[in-house]
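Here is the structure we will look at.
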Amino acid sequence: MKITTGLTAMMMLGCSALLPITSAAAEGVEINHLGANNTLVRVKGDGRYLILPVQDSRDDAKINVLVDGKLVETIYARLAMSKTDYNVPFDLTPYKGHDVVLDIVTPQGRNSVREAKEDACWKGIGLSDTFDVSNKEKYRPAFHHTPLYGWMNDPNGMFYKDGKWHLYYQYNPYGSKWQNLSWGHSVSSDFINWEHLPTALVPDGLGYIFSGSCAIDKDNTAGFGKDAVIALYTSAGTSQMQSLASSTDGGTTFTALPANPVITLESEARDPKVFWNDDTKEWNLVLAHALDHEMLIFKSPDMKNWELMSSFGNGLGAQGGVWECPDLFELPVEGTGESKWVLLCNINPDGPFGGSGTQYFVGDYDGKTFKVDTDKDGNVPTKWLDYGKDHYATVSWSDAPNDRRTVIGWMSNWQYAAEVPTMQFRSANTLPREMGLFRADDGQIYASCAPSPELEGMRGRLVQKVGKTGLSNKSRSYSLPTANDGICEILLDIEARKAKVVKLSLSNKLGDTVLMKYDAETRTLSFDRTKSGIVDFSEGFPAVTVTPTYESDGKISLRLYVDRSSIELFGNNGRFVMTNLVFPNKPYTELSISSEGGNARLSDLKIFSLTPSK
């Protein structure tokens, strides 16, 4: 990453064995090595940022930030030892005009002070008024939300207000791996262009800021003012507890409740999802009782005093790993006058193809307890919201307009999220999706997830349009757009007819290939990324994922969004969905379609180039 500092190197000072060793460093910073693993960095000049060089393969250094001699915060960063992979900024703005000292304890592995002072970080650390966030990454998505730099996982605290979709997320601003968990913050009016705002919640005396939710307090029930934005989140220190923070400036800045935490339990619980229950005129909250594989349901008049009402889930659905990131909401059932409640339950590991995944339950909720629907044999089937490898921590926006239930997820998997071939940042969000319910031929009610309508605003030129075309075992090939590294949207309708299998592949001239197969007999669609490009960074990455198609007539409509490092496949208006990361060595340039076991028909094909404004 290019950093403009305008600073010059200092001359090394000769030191006796009785004096602290001072490294060569940028002007405005004094570095005193106190031991093989302990260093003081004194800020002597002016500058908005202290630039910290990072090496991803190193262990975390513990950095105590002292302001006027008092400890104000502790952060962790993988300070560079042998080389600098990238830099991160530490913002000095809150401490302008004060004496700032960083007391740094680096990982073990140095035999002497003189050896320690040769670490690469001491040569690269320095002050700057700017930090370059321009993209340096081959695989940074062109139209998915990502952090400008650093690590991101679960989406948090989403709400809609005054024409803006607010998205918070689990964020490490000091490196591209999990650490220093805070709430990053972005807003958008169209789900395409995102404005990155300052970090909204940072660790405090109760610990890291884990996942949670926000709600707009329209009637001032909590006492922070009409239309205050209230955040409920997990404080994760020695134990996990639930805390509250309020915002009176529309969610830009938050003030933690002095009396935090507001919910404590004797066992691990996290990720509170709060919503207003208009039937009972009170706040409800769903909390993941993580290791007990259940969800706890609370009520409150003011979001500060909570009463446990019931629990749900023990022994039901996928039970491996931990339960996390719940959501609970009501939806109409398509084509009926009926409505049902949906309980989202994110789980890791034990997802449908290993690692993390989002399961859900359909049932009824009376304001106190959730009762799940069963099948004709009285069993509770396990249902997955997305049958790809890279869809997790899915939750919905509160206060969305027009009764929309819009959700977004973390587009990665805990099996390999920290090892994917990016460096400046790690992880993106899925595209936003509109949830619905439909009844399938087996009598069960399932959830659908269709792309949010705003996404059509990305469409550029129609580069391919094909009408009714016969398919056989001889492939028909169509060129994909080349602009913006091949990002595109593909829409196609397929009729299996006499074919047993219809195959679709995305490929490039290097042989990187994603193979999708629609099996008309089993009513399933598979997605094979084992030869999709770079796949060797994790044993869990090369995979074939399979989804039911929930149809019985041999006809499927597919809508694919191809970004630089992901493919999201929506089938039959979102009745089946697969989200998978891919890292092709070069962008995919060709779509090929064929059939096996008989002739099929391509009823329609459209390929759009995409022009996101970034």
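General remarks:
- Under the convention that each Lys and Arg Cβ holds +1 and each Asp and Glu Cβ holds -1, the size of the dipole of the range 225-286 around its Cα centre is about 120 debye.
- Sequence-distant residues sharing a close amide H with Gly157 (under 5 Å, placed H): Gly212, Ser213, Cys214
- Signed unit charges on C-beta, dipole axis of the chain, positive-most listed residue Pro326, Phe131, Cys345: Phe131
- Of all accessible heavy-atom area on the range 261-417, the percent that carbon and sulfur account for (1.4 Å): 43
- Relative contact order of the range 188-282, pairs being alpha-carbon contacts under 8 Å that are 6 or more residues apart, as %: 25
- Centre separation in Å (Cα based) which lies between the range 105-127 and the range 506-539: 45
- The lysines within cross-link reach of Lys123, meaning a Cα-to-Cα straight distance under 19 Å and a gap of 8 or more places when in the same chain, are Lys2, Lys44, Lys62, Lys83.
- Sorting the segments 270-280, 494-504 by their residues' average number of neighbouring beta-carbon atoms within 10 angstrom, most packed first, yields 494-504, 270-280.
- Relative to the Cα centre, the charge distribution of the range 152-214, modelled as +1 at Lys and Arg Cβ and -1 at Asp and Glu Cβ, gives a dipole magnitude of about 80 debye.
- About the Cα centre, charge dipole magnitude for the range 108-214 (Lys/Arg +1, Asp/Glu -1 at Cβ), debye: 300
- Cα shape, the range 134-221, gyration tensor, a/c 1.5 rule: oblate
- Per residue, the chain exposes 39 Å² of accessible surface when a 1.4 Å probe is rolled over the protein heavy atoms with every protein chain present.
- In this view, the solvent-accessible surface of Glu419, computed with a 1.4 Å probe and all protein chains in place, comes to about 90 Å².
- Over the range 71-158, Cα pairs under 8 Å with separation of 6+ residues give a relative contact order of 39 percent.
- Share antiparallel - DSSP beta bridges, the range 332-482, percent rounded to 5: 95
- Seen through its C-alpha gyration tensor, with square-root eigenvalues sorted a ≥ b ≥ c, the range 287-404 comes out rounded because a/c lies under 1.5.
- For Leu181, residues with placed amide H under 5 Å, excluding near neighbours: Ile209
- The range 449-603: C-alpha gyration tensor shape, a/c 1.5 cut-off, then a/b vs b/c: rounded
- Antiparallel %, DSSP beta bridges [both residues in the chain], to 5: 100
- Sorting Arg564, Arg42, Arg433 on solvent-accessible area from highest to lowest, probe radius 1.4 Å, gives Arg42, Arg564, Arg433.
- Note on the range 549-594: with neighbouring protein chains present and a 1.4 Å probe, carbon and sulfur make up 41 percent of its accessible heavy-atom surface.
- The slack in the chain from Ser82 to Ser557, taken as 0.36 nm per residue of separation less the alpha-carbon distance, amounts to 165.8 nm.
- The range 484-614: Lys pairs at Cα distance under 12 angstrom, eight or more positions apart or on different chains: 4
- Among 121-129, 186-194, sorting by the average number of other beta carbon atoms lying within 10 angstrom of each residue, highest first, gives 121-129, 186-194.
- For the range 292-406, the antiparallel share of DSSP beta bridges with both residues in that region comes to about 100%.
- For the chain, the relative contact order is 11 percent, taking Cα pairs closer than 8 Å that sit 6 or more residues apart in sequence and dividing their mean separation by the residue count.
- Rounded to the nearest 10 Å², the accessible area of Ile297 at probe 1.4 Å: 10
- Listed values (1) 40, 28, 24; (2) 44, 32, 20; (3) 51, 38, 28, entry calculated as semi-axes √(5λ) of the Cα gyration tensor in Å: (2)
The values are calculated or read from the model by the stated rules, or taken from the named source; none is laboratory data. Computed from a prediction, not measured in an experiment: that's the story for all the values here. Here the Cβ is made from the backbone with ideal geometry for all residues, glycine too, and neighbour counts use every protein chain on show. Ligands, DNA and RNA are excluded from the accessible area calculation, which covers all protein heavy atoms including side chains. Shrake-Rupley method; radii C 1.70, N 1.55, O 1.52, S 1.80 Å.
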